[in-house]
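**Student:** So that we are looking at the same thing, I have put the structure below in structure tokens.
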Amino acid sequence: MIDVTGKLQQFSPGSFNLFAERAGQLRQFVLSADPVEFHDRFVLQPHNSEEIRMRFDGPLLIVPGETRELAFQAIDFQWEEWEPMTKS
């Protein structure tokens, strides 16, 4: 199993929805100035990949000197392999 953890945050005033989709499952997060915890756990077969798509419904943030239009920030995203304990 793969364990993905991190935090999501946006910088504009107010709260806005972020949708995360993986394997046809859609989850909704409400982002504001305070970081929101993100956690997902799934089985990843050898030699395969899994995509987590995120869509932010809030305003873009224009940062001077930055060529990208930022919408939200992903903080401390990590993944680790996790082995469920089996009974003997």
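**Student:** Name the single residue, out of those in the range 13-47 being polar (S, T, N, Q) and more than 16 Å from GLY58 (Cα to Cα), that is modelled with the highest pLDDT.
**Tutor:** Only one residue fits best here, namely GLN25.
**Student:** Going through the range 21-51 one residue at a time, which ones are surrounded by 13 or more Cβ atoms within 10 Å (Cβ to Cβ) and of a type outside the set (Val, Ile, Thr)?
**Tutor:** Across the range 21-51, the qualifying residues are GLU21, ARG22, ARG27, PHE29, LEU31, SER32, PRO35, PHE38, ASP40, PHE42, GLU50.
**Student:** When you go through (1) at positive phi; (2) at pLDDT below 85 one by one for ASP76, which number turns out not to apply?
**Tutor:** (2)
**Student:** Additional query: Identify the residue in the range 9-57 that is of a type in the set (Phe, Trp, Tyr) and out of contact with any Lys or Arg (no Cβ under 8 Å at 6 or more places or on another chain) and, among all such residues, is nearest to GLU81 (Cα to Cα).
**Tutor:** Ranking the candidates gives PHE29 first.
For (1) more than 18 Å from the chain's Cα centre (by Cα); (2) within 14 Å of LEU18 (Cβ to Cβ); (3) among the charged types (D, E, K, R), each residue gets a yes or a no:
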site	(1), (2), (3)
PHE38	no, yes, no
ARG41	no, no, yes
VAL63	yes, no, no
PHE77	no, yes, no
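**Student:** Still on this model: Can you tell me which residues in the range 28-57 are over 21 Å from LEU70 (Cα atoms) and either assigned to a loop (DSSP other than H, G, I, E, B) or free of Cβ contacts under 8 Å to residues at least 12 places away in the same chain (or both)?
**Tutor:** Answer for the range 28-57, where residues must be over 21 Å from LEU70 (Cα atoms) and either assigned to a loop (DSSP other than H, G, I, E, B) or free of Cβ contacts under 8 Å to residues at least 12 places away in the same chain (or both): VAL43, LEU44, GLN45, PRO46, HIS47, ASN48, SER49, GLU50.
**Student:** Hey, among the residues in the range 64-73 that are surrounded by 11 or more Cβ atoms within 10 Å (Cβ to Cβ) and outside any strand (DSSP E or B), which one's modelled with the highest pLDDT?
**Tutor:** Ranking the qualifying residues of the range 64-73, first place goes to PHE72.
**Student:** Got a number for residues in the range 52-63 being loosely packed, with under 12 Cβ neighbours inside 10 Å, at pLDDT 85 or above and β-branched (Val, Ile, Thr)?
**Tutor:** 0
The values are calculated or read from the model by the stated rules, or taken from the named source; none is laboratory data. On a predicted model such as this, the values are computed, not experimentally measured, just so you know. Glycine gets a Cβ as well: all are built from the backbone with ideal geometry, and neighbour counts include every protein chain shown.
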